[in-house]
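Q: Just dropping this structure here.
The values are calculated or read from the model by the stated rules, or taken from the named source; none is laboratory data. Predicted, not measured: the structure shown is a model, and the values here were computed from it. Cβ: placed from backbone, ideal geometry, glycine included. Neighbour counts: every protein chain shown.
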Amino acid sequence: MKVMIVVTHLLGTGHLARALTLGRAFQAKGDHVTVLSGGRPVPHFNAQGMRLIQLPPVHSNGTDFTTLLGKDGAPADPAYMDARRDMLLDALAEGAPDILITELFPFGRRILRDEFGVLLEAARDMEAPPLVLSSIRDILAPPSKPAKAVFADEQVTAFYDGVLVHSDPDLVTLGHSWPVSDTLAPSLHYTGFVAPAPPNANTNDHGSILVSAGGGDVGERIFEAALDAASLMPQVHWLFLIGGTDARRERFIRIAPPHVDIQAPRPDFRTLLAGAAASVSMCGYNTAMDVLQTGVPAVLVPFDDGGEVEQGLRSEALSHLDGITVLLQAGLSGPALATALEDVRNAPVRPPRQTNMNGAARSVEIAHDLRGRQVSQ
């Protein structure tokens, strides 16, 4: 089958990472996969074997998602957005997918509703319409207004054949963060968590404390607190993986002590994590999956800038597990982080999680089954 996944990440890079993991699972079943990415390019992500189409990229100004910025950092004007829309429609017409997946929309990315709307209408009007699915993570940003939930319900009813919820309902259901109406509930398909195959530990690492904040520009307060904590824990090697510009990394390199190594985000992050003495990170979906899969002792600092609550809800769900401590940004400091690290490193060992971690493969099974039913009707 031909599968098309449409994704735009605006702040971090987790949405694209999850979309590519899904794409690899479809590839493993012999499907031909096209990923249309509308966020900024992420060169170290692996899209081998897939067709990756880069749309004119947009991003947000931090947590202000009301204005889209273009490649040059200026607000994306109508002509810029029209170019994105035209590329989407051309790719749909050329690719004629059997399965079309929109990542997050219509539960988020409402600022892109015009281009998604045109795409969905074009898919519905094709001579051989594809199966249309939405792909969403375990916890969403709760709708700030009832109208946003109504909009999602209306879009699902009008255009979608199902919603893939990438969660284990025994740990967290969609209702934990989103109002699941009687209209929406029949469309939900829980897949389990979407994560790559479990990593092997990096045998060259002798137990660093790994500090990360995804591939974007966020996490400044985490890195600053970690530098202070490192000065209190000189007996341990620290590895900071800092996204953004070289200039941002250079600022930390100039003030870091010798036992702190600062690098750009690396494609072997999960391998590094599996061999780490402990992890300090935010609590985005993909990082949470990595923490669960590796069993690494972890201090989670949920991202809450701009009133964001998604990561706080996820970290709350994980906080009862051994070797996981949640430290809110409001209480983040070097001494607090050092104490939290000692706590998780001395906690009972948490075995790597294996249950319901095959969400990508399960998503493929669900999509193939629904497509088969669609064709046979």
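Q: Collect the residues in the range 26-52 that are more than 15 Å from Gly108 (Cα to Cα), crowded, with 24+ Cβ neighbours inside 10 Å and small (Gly, Ala, Ser), keeping them in residue-number order.
A: Ser37, the sole residue that qualifies.
Q: Sticking with this one: Go through (1) closer than 28 Å to Ala367 by Cα; (2) of a type outside the set (Asp, Glu); (3) surrounded by fewer than 17 Cβ atoms within 10 Å (Cβ to Cβ) one by one and return the number of the condition Thr66 breaks.
A: Single failed check for Thr66: (1).
Q: Go through the range 117-175 and count every residue that is of a type in the set (Asp, Glu) and farther than 19 Å from Leu92 by Cα.
A: Qualifying residue count, the range 117-175: 5.
Okay, residues lined up against (1) touching a helix residue (DSSP H, G or I) at 6+ places or on another chain (Cβ under 8 Å); (2) outside any loop (DSSP other than H, G, I, E, B); (3) of a type outside the set (Val, Ile, Thr):
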position: Leu133; (1), (2), (3): yes, yes, yes
position: Ser144; (1), (2), (3): no, no, yes
position: Gln155; (1), (2), (3): yes, yes, yes
position: Val165; (1), (2), (3): yes, yes, no
position: Pro169; (1), (2), (3): no, no, yes
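Q: Tell me which of these Val172 doesn't satisfy, since it passes every other one: (1) farther than 20 Å from Ile366 by Cβ; (2) touching a residue at least 60 places away in the same chain (Cβ under 8 Å); (3) under 24 Å from the mean Cα position of the chain (by Cα); (4) crowded, with 18+ Cβ neighbours inside 10 Å.
A: So the condition that Val172 fails would be (1).
Q: When you go through Ala226, Ala213, Ala152 one by one, which is the residue that is outside the structural domain of Thr13 (by TED's automatic domain parsing), out of contact with any Ser or Thr (no Cβ under 8 Å at 6 or more places or on another chain) and in contact (Cβ under 8 Å) with a residue 40 or more places away in the chain?
A: It is Ala226.
Q: If you go through the range 106-113 one residue at a time, do you hit one that is more than 24 Å from Ala317 (Cα to Cα), in contact (Cβ under 8 Å) with a residue 60 or more places away in the chain, in the same structural domain as Thr21 (by TED's automatic domain parsing) and crowded, with 22+ Cβ neighbours inside 10 Å?
A: Yes, there is a match, as at least one residue in the range 106-113 is more than 24 Å from Ala317 (Cα to Cα), in contact (Cβ under 8 Å) with a residue 60 or more places away in the chain, in the same structural domain as Thr21 (by TED's automatic domain parsing) and crowded, with 22+ Cβ neighbours inside 10 Å.
Q: Same structure again: Would you pick out the residues in the range 145-169 that are under 23 Å from Leu313 (Cα atoms), out of contact with any Lys or Arg (no Cβ under 6 Å at 6 or more places or on another chain) and crowded, with 17+ Cβ neighbours inside 10 Å?
A: Once the filter is applied, which keeps residues that are under 23 Å from Leu313 (Cα atoms), out of contact with any Lys or Arg (no Cβ under 6 Å at 6 or more places or on another chain) and crowded, with 17+ Cβ neighbours inside 10 Å, the range 145-169 yields Lys148, Ala149, Ala152, Asp153, Val163, Leu164, Val165, Ser167, Asp168.
Q: Which number in (1) of a type in the set (Asp, Glu); (2) surrounded by fewer than 21 Cβ atoms within 10 Å (Cβ to Cβ); (3) within 23 Å of the chain's Cα centre (by Cα) marks the one condition that Glu127 misses?
A: The one condition Glu127 does not meet is (3).
Q: From the set of residues in the range 254-279 that are among the β-branched types (Val, Ile, Thr) and touching a Phe, Trp or Tyr at 6+ places or on another chain (Cβ under 9 Å), which is surrounded by the most Cβ atoms within 10 Å (Cβ to Cβ)?
A: Going through the qualifying residues, I end up with Val260.
Q: In the range 303-344, how many residues are in a helix (DSSP H, G or I) and of a type in the set (Ser, Thr, Tyr)?
A: Qualifying residue count, the range 303-344: 2.
Q: Within the range 198-302, which helices (runs of 4 or more DSSP H) (wholly inside it) include 2 or more residues that are of a type in the set (D, E, K, R), at pLDDT below 95 and farther than 22 Å from Val349 by Cβ?
A: 220-232, 246-255
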